[in-house]
Amino acid sequence: MGEETNIGRRARKYTILVVDDDRNICKMIEINLRKEKEYVVETANSGEACLKMLREVSPDLVLLDIQMPGIDGIETLKRIRDEESRVPVIMMSAHGTIEKAVKSMKLGAYDFITKPFAGDRLLITVRNALTTSSLKQEIDTLRSELKDRFQFKNIIGQSGVMQEVFRSLEKVVNSNVTVLIQGESGTGKELIARAIHYHNTMRSSKPFVAVNCSALPESLLESELFGHEKGSFTGATGKRIGKFEVADGGSIFLDEIGLMTPATQAKMLRILQEREFERVGGNEMVKVDVRVISATNKDLEEAVRNGEFREDLFYRISVFPIKLPPLRERREDIPLLAAHFLNKYAQQERKEVEGISPDAIELLMAYNWPGNVRELENAIERAVVLATGLEINPKDLPNTVRSIGEKKIYESDNTLSSWIEKLEEEALRKALLENGGNISQTAKKLGIGRATIYRKAKKYGLPMVK
């Protein structure tokens, strides 16, 4: 596979457009560039001709002289940039036009070289420009793929409670307010955080940096977030840039923020208030522009009451709170999620597993999923590996899912009252879903009192909005 990739790269041809009113210089540059077999050279003798050829040949690089009659190189560069062309431009200048060459750099030129060209300077500059441009294109492609991957429509959740989450997210993605995502482990908090970042038109092209506060010991978390200076503590052999600096212009995701120590909480409060901080062991203020998205599976309001979390920091990080429901409160999403994971792992394992049997679906629906979506994904991945036919069967599911699921199904089959209870739960679930979890609307539809709806929805663990 590696050889094929390298061969593909060697076969890549780059079109270079050389623009100079001196035809002899154009010819000389063309001869030099054609020594490299991957370069295809086109020439133009004026700014007007350059702009025309730019649209006709779509060059990978433009070599552009500054001093030309008619539209000069600076004006031509401006027009290239006005068309939002990402093609890199190298300006060519005589010794007397260095000031203009510097001006062209401010206008977006990649570099400038002076005539006459010294040694291999031309070839080196061209090669560097093409490499940088290729890397930028790869990065842009990756960012575009990430943005597509984290579209809300790609986050699976047809249940009423998840649709409410999506509606909330659409209101906040293009703002800069802090977001606190609350939910049990495995509910997809980081997935939602990434969706918020990649939907933000101002920040999506900048870094998204995730930090798991529970995975780092107290002594290292502050250094990880804010960086440190050389010699600030034992083992600090050099200066280190922290995650906040890495995320400058973008977003930082602080998972399990409730586990931060009081000292780190104080520093977090300052960065949210002042947009600045000091590295560990430093005395210089570092300014950053970062959107903070936090997540926790703890009840932070209770932690505030117990003195375990700063009240002022809580209000700073939770300007826009979002609560993700556990999987047991959105059971109607289980078949969709299971099908998604089935397709994913069938492709990954290269197995022809096309579906899930009705009996297996019934077990999946009956199980309470304490590990939420993450546990469901692991169960389906395991089932795909174990499956021997075209579909996943009960025997392919984990013992916990089979035993608890079968017990619930068996118990519900045993008595008339349990069957009535099951039917009541399904009817209430459907009515709440149709009314977006609204208790009043559901009560009106079913002709039952609000208190009864609330009590039964709570009993069955159904999502609702007061």
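Every read-out reported here was derived from the displayed coordinates using simple, explicitly stated rules and does not represent laboratory data. Remember, it's a predicted structure, so these values are computed and weren't measured experimentally. Cβ sites come from the backbone with ideal geometry, for glycine too, and all protein chains shown count toward neighbours.
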Taking r as the C-beta separation of Glu274 and Tyr315 and R0 as 25 Å, the FRET efficiency to the nearest 0.05 is 0.95
Normalising by the residue count of region 328-460, find the relative contact order in percent from Cα pairs under 8 Å and 6+ residues apart.
20
Neighbourhood net charge (13 Å Cβ-Cβ; Lys/Arg +1, Asp/Glu -1) for Asp248:
+3
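Below 8 Å between Cα atoms, with a sequence gap of 6+, how large is the relative contact order for region 293-392 in percent? Before the final figure, lay out each step's value.
Numbers: 72 pairs, mean separation 28.3, N = 100.
For region 293-392, the relative contact order is 28 percent.
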Measure nothing but the geometry: give the 0 to 90° angle between the long axis through the Cα atoms of 121-149 and the longest principal axis through the Cα atoms of the chain, rounded to 10°.
20
So if I restrict to the alpha-carbon atoms in region 224-361, what is the Rg, and what is Dmax, the biggest pairwise distance, in Å?
21.3, 64
Determine the distance separating the Cα centre of region 427-455 from the Cα centre of region 33-69; give it in Å without decimals.
69
Candidates (i) 18, 36, 31, 13, 2; (ii) 25, 56, 19, 1; (iii) 18, 32, 31, 17, 3; which is the computed P(r) over Cα pairs in 20 Å bins from 0, in percent?
(i)
Just to verify a number: FRET efficiency for Val102 and Asp82, C-beta to C-beta distance, R0 = 22 Å, to 0.05?
0.60
Please give the calculated 222 nm ellipticity per residue for the chain, where each DSSP H segment of at least 4 residues contributes -39500 (n - 2.57) and the sum is spread over every residue; nearest 500 deg cm²/dmol?
-15500 deg cm²/dmol
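For the chain, give me the percentage of DSSP beta bridges that are antiparallel, rounded to the nearest 5 percent. Provide the component values of the computation, followed by the final result.
Numbers: 4 of 44 bridges.
Of all bridge pairs located within the chain, approximately 10 percent are antiparallel.
Cross-link list Lys323/Lys395; Lys103/Lys267; Lys189/Lys444; Lys298/Lys458: which exceed 31 angstrom alpha carbon to alpha carbon? Could you put the intermediate results ahead of the total?
Values: Lys323/Lys395 35 Å; Lys103/Lys267 42 Å; Lys189/Lys444 34 Å; Lys298/Lys458 20 Å.
Table pairs above 31 Å Cα-Cα are Lys323/Lys395; Lys103/Lys267; Lys189/Lys444.
Got the relative contact order for the chain handy, in percent, Cα pairs under 8 Å and 6 or more residues apart?
Numbers: 710 pairs, mean separation 52.4, N = 466.
Rounded, it is 11 percent for the chain.
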